[in-house]
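The values are calculated or read from the model by the stated rules, or taken from the named source; none is laboratory data. Quick caveat: nothing in here was measured; it's all calculated off a predicted structure. Reconstructed Cβ throughout: ideal geometry from the backbone, glycine too, with neighbour counts over all protein chains shown.
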Amino acid sequence: MGGTFDPIHHGHLVVASEVQARFELDEVVFVPTGKPWQKDGQVITAAEDRYLMTVIATASNPRFSVSRVDIDRDGPTFTVDTLRDLRTHYTDTDFFFITGADALGQILSWRRADELFALAHFVGVTRPGYQLADHHLPAGSVTLIEVPAMAISSTACRTRVAEGMPVWYLVPDGVVQYISKRDLYVDSSR
Ligand SMILES: Nc1ncnc2c1ncn2[C@@H]1O[C@H](COP(=O)(O)OP(=O)(O)OP(=O)(O)O)[C@@H](O)[C@H]1O
Ligand SMILES: O=C(O)c1ccc[n+]([C@@H]2O[C@H](COP(=O)([O-])O)[C@@H](O)[C@H]2O)c1
């Protein structure tokens, strides 16, 4: 599951848990983006902070892990590169790439989108506020599933911190503490 995870929240974690169970996956690999090029113009928190929050959030689940492939690769982050890099580590493995309804709707704008569907099976999941559909995607390349609705976004978490509102129970406890320790998101101009 790829994401900017700025910060990781319980919406991400519920999605990963649900897809792991439905598809009986051995492992869900969280891949924090390096430079999310479609978020150019937005201030993105340092990759190491986003990576560490993702590690903290996933540490207690034996089926969850975190990969550095995207943050260790220079240049803009393209999923086609993510999947190729992961393949060198996971040789004899079927890949499922998890995306929320918003991200799935953008997939045809991704770099070398036509190659993506040969590299992984895509799982599109419901997200409050977005319509889940696989229009115009190659037949058989995507499975759509409904997951418990979590009306949480990283944007809302960042805004709440900037406004002095709590993010307890929206993000894991350790992530609340990490945000506070590192003074993340306090600048409301971002
Ligand atoms: N609440 C949610 N329910 C379902 N899917 C989600 C949810 N939040 C994020 N996702 C999915 O998780 C992936 C990573 O999302 P991302 O890290 O951009 O979080 P975000 O909350 O959308 O962030 P931002 O608000 O900064 O855009 C995307 O595929 C996105 O669609
Ligand atoms: O490959 C691309 O061109 C591309 C463009 C936008 C987003 N993605 C991927 O989609 C995932 C979710 O991204 P985001 O920006 O919603 O956090 C993450 O793994 C990104 O690397 C990929």
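Residue count for region 32-56 satisfying the condition of being of a type in the set (D, E, K, R) and within 12 Å of ligand 2 (Cβ to nearest atom): 4. Scanning region 45-102 for residues that are assigned to a loop (DSSP other than H, G, I, E, B), farther than 22 Å from Glu24 by Cα and of a type outside the set (Ser, Thr, Tyr) gives Ala46, Arg68, Arg73, Asp74, Gly75, Pro76, Phe78. If we keep just the residues of region 1-54 that are under 23 Å from Trp168 (Cβ atoms) and of a type in the set (Val, Ile, Thr), which is surrounded by the fewest Cβ atoms within 10 Å (Cβ to Cβ)? If we take residues in region 1-54 being under 23 Å from Trp168 (Cβ atoms) and of a type in the set (Val, Ile, Thr), then Val14 is surrounded by the fewest Cβ atoms within 10 Å (Cβ to Cβ). Residues that are farther than 18 Å from Glu18 by Cβ, in contact with a helix residue (DSSP H, G or I) (Cβ under 7 Å, 6 or more places away or on another chain) and not in a loop (DSSP other than H, G, I, E, B) within region 107-134 comprise Ile107, Ala113, Glu115, Leu116, Leu119, listed in sequence order.
Can you tell me which of Gly41, Gly34 is assigned to a loop (DSSP other than H, G, I, E, B) and either in contact with an Asp or Glu (Cβ under 9 Å, 6 or more places away or on another chain) or closer than 13 Å to Gly2 by Cβ (or both)? Please lay out each step first, then the result.
Working: Gly41 fails: either in contact with an Asp or Glu (Cβ under 9 Å, 6 or more places away or on another chain) or closer than 13 Å to Gly2 by Cβ (or both).
Checking each option against the conditions leaves just Gly34.
To keep it simple, each residue is scored yes or no on (1) away from ligand 1 (no atom under 15 Å from the Cβ); (2) under 16 Å from the mean Cα position of the chain (by Cα); (3) basic (Lys, Arg); (4) at pLDDT 95 or above.
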| residue | (1), (2), (3), (4) |
| --- | --- |
| Thr143 | no, no, no, yes |
| Val147 | no, yes, no, yes |
| Ser154 | no, yes, no, yes |
| Met165 | yes, no, no, yes |
| Leu170 | no, yes, no, yes |
| Ile179 | no, no, no, yes |
| Arg182 | yes, no, yes, yes |
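Restricting attention to region 1-31, which residues are within 15 Å of ligand 2 (Cβ to nearest atom) and part of a loop (DSSP other than H, G, I, E, B)? Steps first, please.
So in region 1-31, the residues within 15 Å of ligand 2 (Cβ to nearest atom) come out as 1-9, 11-13, 15-16, 19, 28-31.
Scanning region 1-31 gives Met1, Thr4, Phe5, Asp6, Pro7, Ile8, His9.
Evaluate the following for Pro138: is it surrounded by fewer than 16 Cβ atoms within 10 Å (Cβ to Cβ) and either part of a helix (DSSP H, G or I) or under 17 Å from the mean Cα position of the chain (by Cα) (or both)? Outline the logic, then answer.
Values: surrounded by fewer than 16 Cβ atoms within 10 Å (Cβ to Cβ): yes; either part of a helix (DSSP H, G or I) or under 17 Å from the mean Cα position of the chain (by Cα) (or both): no.
No.
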